[in-house]
Amino acid sequence: MISDRKRGDLARAVSRHILAYGLYSISELLRHYDFDPVDLLLVHAVMNANVAAIMKDPALDRRFASLEASEPDSFKKGISRAALARFLNLPFETVRRRVARLKKRAILFERTDGLIVTQGNEFRFGDNRLLQRTNVILLSRLLRDLARVGVRKAEDL
């Protein structure tokens, strides 16, 4: 059993390392794509919503785990502008305006169930192998750093 003090010390260390991982990941996105940071955040929030159901289904998660097997648009779940604004804590009007611009650039596509990032978008959002490999490197670093502070499995928290 982990003491409350030990859990608090771990929480601090875990938070620092997760924040570093998140910032490095965002830095790589900003370095790779010449996009407004808020637009980039919107695109990636839509992509996350699109594959949330896939990530919750172990069979589908495994099926689309390979760099060679990106999720077809037909498997994606759309997200509404309102849900996107709530998720990112952004004003609805900001989301609405930016989504309109991203749709004109053919990055976002609107279906009856909401917005998706299309599989064939010209910027390769969702299928950028260089960024996917970089993310694996960053995650490996995060896991190594967490192990160094004593977190090797969920039960260590």
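Rule-based calculations on the coordinates, nothing more; no lab input. What you are looking at is a predicted structure, and each value in this text was computed from that prediction instead of being measured. Positions of Cβ are generated from backbone atoms using ideal geometry, with glycine treated the same way; all protein chains shown enter the neighbour counts.
Out of residues 5 or more away from Leu108 or on other chains, whose amide H comes under 5 Å of its own, with H placed 1.01 Å from N in the peptide plane?
Those qualifying (amide H under 5 Å, at least 5 residues apart or on another chain) are Lys103.
Looking at the chain, which longest stretch skips every one of the GluC sites (Glu not before Pro) that is in a DSSP loop with at most 16 other Cβ atoms within 10 Å, leaving the sites themselves out?
Numbers: sites that count: Glu68, Glu122.
The longest such stretch corresponds to 1-67.
Who wins for biggest fluctuation among Val117, Val14, Val51 in a Gaussian network model of the chain, springs between alpha carbons below 10 Å?
Looking only at Val117, Val14, Val51, the biggest GNM fluctuation is shown by Val14.
List the lysines whose Cα sits under 24 Å from the Cα of Lys56, skipping any in the same chain fewer than 8 residues away.
Filter leaves Lys76, Lys77, Lys153.
Using a Förster distance of 25 Å, how high is the FRET efficiency between Arg97 and Ser15, based on the Cβ-Cβ distance and rounded to 0.05?
0.15
What FRET efficiency, computed as 1/(1 + (r/R0)^6) with R0 = 41 Å and r the Cβ-Cβ distance, is obtained for Leu60 and Glu155, rounded to the nearest 0.05?
0.95
Whole-Hz ³J(HN,Hα) for each residue in the range 141-156, computed from phi via Karplus 6.51 cos²θ - 1.76 cosθ + 1.60 with θ = phi - 60°, x for glycine and proline: what do you get?
In residue order, the calculated couplings are 5, 4, 5, 4, 5, 5, 4, 4, 8, x, 10, 10, 8, 4, 5, 6 Hz.
Placing +1 at every Lys and Arg Cβ and -1 at every Asp and Glu Cβ, with all other atoms neutral, what dipole size does the chain have around its Cα centre, in debye to the nearest 20?
280 debye
Report ³J(HN,Hα) in whole Hz for each residue of the range 118-131, in order, from the Karplus equation J = 6.51 cos²θ - 1.76 cosθ + 1.60 where θ = phi - 60°; Gly and Pro get x.
My calculation for the range 118-131 gives 5, 4, x, 4, 5, 8, 6, 4, x, 9, 9, 5, 4, 5 Hz in order.
For Lys103, go through the aspartates and glutamates and keep the ones whose alpha-carbon is under 19 Å away, minus same-chain ones fewer than eight residues off.
Partners within reach: Asp34, Asp36, Asp39, Asp73, Glu93, Asp113, Glu122, Asp127.
Run the numbers for Leu90 and Arg133: contour at 0.36 nm per residue of separation, minus the present Cα-Cα distance, in nm.
12.5 nm
Test of understanding: what is the full-extension gain from Arg144 to Ala53, defined as 0.36 nm times their sequence separation minus their Cα-Cα distance?
29.9 nm
Pick out, from Val151, Asn50, Asn128, the residue whose Cα sits farthest towards the positive end of the charge dipole of the chain, with +1 on the Cβ of Lys and Arg and -1 on the Cβ of Asp and Glu.
Comparing the listed Cα positions along the dipole, Val151 ranks first.
Within a 10 angstrom radius of the beta carbon, how do Leu88, Leu115 rank from fewest other beta carbons to most?
Fewest to most other Cβ atoms nearby, the residues stand as Leu88, Leu115.
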